[in-house]
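Every number in this text was worked out from the coordinates using simple rules, so none of it is lab data. Computed from a predicted model, the values in this text were never measured in an experiment. Every residue, glycine among them, receives a Cβ derived from its backbone with ideal geometry; neighbour counts consider all protein chains shown.
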Amino acid sequence: MATIEMIGVRKTFGTTVALADLHLQVESGEMVCLLGPSGCGKTTALRLLAGFEQPDAGQILVDGEDVTHVSPRHRGFGMVFQDYSLFPNLTGRQNIAFGLKVRRKGALETAETVDRLLAVTRLEKHADKYPHQMSGGQRQRVALARAIATEPRLLLLDEPLSALDAQVREHLRDEIRRLQQEVGVTTVFVTHDQHEAMAVADRVAVMRDGVLEQIDPPRVLYSRPASQFVAGFVGTVNRLSAERAVDGAWFVLGARVEAVGDTVAVPDAVPVVGEGATADSVPKHAVVRPEQLHVNRAESGAGPVARLVALSFLGAFTRAVIEHPTEGLVTADVLGEAADGLAVGDAVAVSVRPGAGAVVLQ
Amino acid sequence: MSAVTRRTDVPRVQVPSASPARPARGPARHRGLRVVRWSFLTVLGLYFLVPQLAMARFAFQNVPVVLLNASTLFSKWSVSSLVDALSQAALWDAAKTSAMLAVLSVVLDLALLLPLAIIAEIRAPRLRPVLSALTLLPWVIPPIALVVGVAATFRSVAPGFLTSTLSLVPFYAIWAMPFTYRALDSGLRAINARTLVEAARSLGASELTVLFRVIVPNLSASIVAASGLTAALVLGEFAFASLLLKNTLPTYLVNYQRDSPQAGMALALAVMVLTALALGAVVHMLRRRGLGMSTTGF
Ligand SMILES: Nc1ncnc2c1ncn2[C@@H]1O[C@H](COP(=O)(O)OP(=O)(O)OP(=O)(O)O)[C@@H](O)[C@H]1O
Ligand SMILES: [Mg+2]
């Protein structure tokens, strides 16, 4: 268990900037997921941590000790790769024992550790199979056991589940989390699947173009995203026009909203037009999640009206797509039976639920 | 490449995809294709078999050559010519020399190319095309040029060198490079050597442990294939040995056949059959270990 710090880490490949200026701190025993679109530098960050690449600038600290130039062999980190990379010439048991043998642990101690790990990863029956005789899920469990057998200070996982099918993936995801918590090992888990990240992480680090956009617990990330990018990356969002009142409060779809996130980017010096009305001429936008919106049937009166164009039943809620006269297409989630009275083609009124958080952007 | 591991001798019958527009024509066309395929295989088989059969008759039938026709197909078969050939002490000397040359060439070749191929794959991928081109050079330069060039150099620098039989080893090692390098290179890529090395290093393995516990065991198919090919090349090489006046198995065979054509032919056939059996055994062994020829690069 150890605290990991990446300080101002920069890495370029030729003219490609893989990591611009990465600051990341992982607390002891914590599991941080690196989340971000393809090519944002997640793998690069992990490989730098592992020591397979050297940064152009910056430092990597483990418990305050600089390991930037320590070889991977002496870092004492465990690594799990996307393609398992088990040693094909060794059985499951021998694979798990590899790190212990290299460290010249006694035969008895090695056998004990391996047996214990085989038990916790439920691999007893497959221990003596060679990798090519195992299923993908079994291989990845062996890889996981192999990585934690040496009691690493830090466990690194690079998209360990992406080669598996949905069911195995979810199962193994929970297993990795359980094991991580049991062992209490500090872990960095790379994924581009937001559900995976939200499900297992203590904190999720959202990366974009080689920089860290936000690092927060999943709940905070979802309810208080620091930017539109983060908001859009972790769930569905609507981009609606926002207005600012004299007292600085924000209004979306006529309702007052609590502003979070990027509001600081909005200039304060804005011309005041009238009480409770628009405050300035600069267009503003709010990012609002579907469940923060409320949908009602409305009497079709004169003038343009919002109309329901699609409804899809998703179990606990029904997702409604509304053609709004000024906002364009708006997605809203209707909970439970409230959706029963709605039909495609209905005239509806859309409003923001009272007290819903929203991201207001310039 | 992996097709080599499959049985290709039986053409696979593809189920004609349902095409309701032309229900009758599909299977008919398919049958036509099958006929073409079988005739092709038959012609090819005959092309290989007929000369061998002729050789076998010449070598193992004690019938004058002019009488070797259809009517004498089953008369006077005997292995006496082969027994004759095998009883020559000079044969065993030559065979011993060739075997030694084969082993030394394999060792030298692997010692040179294994580290190079590993470094190129793991540390400097940019070197790969360069190495691949360099290792092809021996095939572009004819043996005579190599021998004349190298011989001239050595005769002035180390006059004793060329008189030794061992002087063939460097030539053979160079000559076998294209095979060896390709086998090792594609083997390294097939086992995904780079991530294996990273996995081993993050588990605390030293460079030597990585080499001998991870790379070499997983590369065994390629190493065996490379060694087998190098050995086969050396055992059959005539030009260098003849130009440098060495007594190896091929030069012995040629000389021996000049004196006793029938026994020479029997010996040649026996060598051929033995080689085929040895190759078959290697492939069988690799397959039993779950290693297809696909990991060897051929
Ligand atoms: N060895 C390399 N040589 C050149 N460019 C590289 C190398 N490794 C990574 N890059 C570049 O660095 C950037 C970040 O790559 P990285 O592999 O870290 O992305 P990633 O976030 O892991 O993406 P993905 O989700 O697709 O795996 C990319 O633009 C990539 O092309
Ligand atoms: Mg990646």
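With all pairs of different C-alpha atoms in the average, the Kirkwood value for the hydrodynamic radius of region A:303-356 is 11.5 Å.
Averaging the sequence gap over all C-alpha pairs within less than 8 Å and six or more residues apart, then dividing by the number of residues, gives region B:199-266 a relative contact order of 15 percent. With θ taken as phi - 60° and the Karplus curve 6.51 cos²θ - 1.76 cosθ + 1.60 applied, the whole-hertz 3J(HN,Hα) list for region A:98-114 is 3, x, 6, 4, 4, 7, 6, 6, x, 4, 5, 4, 4, 4, 5, 4, 4 Hz, x standing for glycine and proline.
Over the Cα atoms of chain B, what is the Rg over Rh ratio if Rh follows Kirkwood?
Computed over Cα atoms, the ratio is 1.06.
Here the Karplus relation 6.51 cos²θ - 1.76 cosθ + 1.60, evaluated at θ = phi - 60°, turns the backbone of region B:191-200 into coupling constants of 8, 6, 3, 4, 6, 4, 5, 5, 4, 5 Hz, with x for every Gly and Pro.
Taking only the Cα atoms of chain A, the ratio Rg/Rh comes out at 1.08, with Rh defined as the Kirkwood radius. Counted by Cβ distance under 12 Å from A:Glu291, the other residues give a net charge of +2, where Lys and Arg count +1 and Asp and Glu count -1. Toward the positive end of the charge dipole of region B:80-288, with +1 on the Cβ of Lys and Arg and -1 on the Cβ of Asp and Glu, the farthest Cα among B:Val107, B:Thr165, B:Pro250 is that of B:Val107. Amide H neighbours of A:Leu154 under 5 Å, counting only residues 5+ apart in sequence or on other chains, H built in-plane at 1.01 Å? Close amide H contacts, sequence-distant or interchain: A:Gly78. Ratio of Rg to Rh for the protein assembly as shown: 1.15 [Cα atoms; Kirkwood radius as inverse mean 1/r over pairs]. Here region A:8-104 was treated as a single set of alpha-carbon atoms; its pair distances binned every 5 Å from 0 give 2, 10, 19, 21, 19, 13, 9, 5, 1 percent.
Taking amide H positions as modeled 1.01 Å from N, with prolines and chain starts lacking one, the residues under 5 Å from A:Ala286 and 5 or more places away or on another chain are A:Leu240, A:Ser241, A:Ala242, A:Leu361. For A:Val246, the residues whose amide H sits under 5 Å from its own are A:Gly276, A:Ala277, ignoring neighbours fewer than 5 places away on the same chain, with H placed 1.01 Å from N. Please give the Cα centre distance for region A:62-133 versus region B:168-221, rounded to the nearest Å. Rounded to whole Å, the Cα centres lie 22 Å apart. At full extension, A:Glu323 and A:Leu335 could sit 2.4 nm farther apart than now, given 0.36 nm per residue minus the alpha carbon distance.
Mean residue ellipticity at 222 nm, helices only, chain A: -7000 deg cm²/dmol; runs of at least 4 DSSP H residues each add -39,500 (n - 2.57), and the sum is divided by the number of residues.
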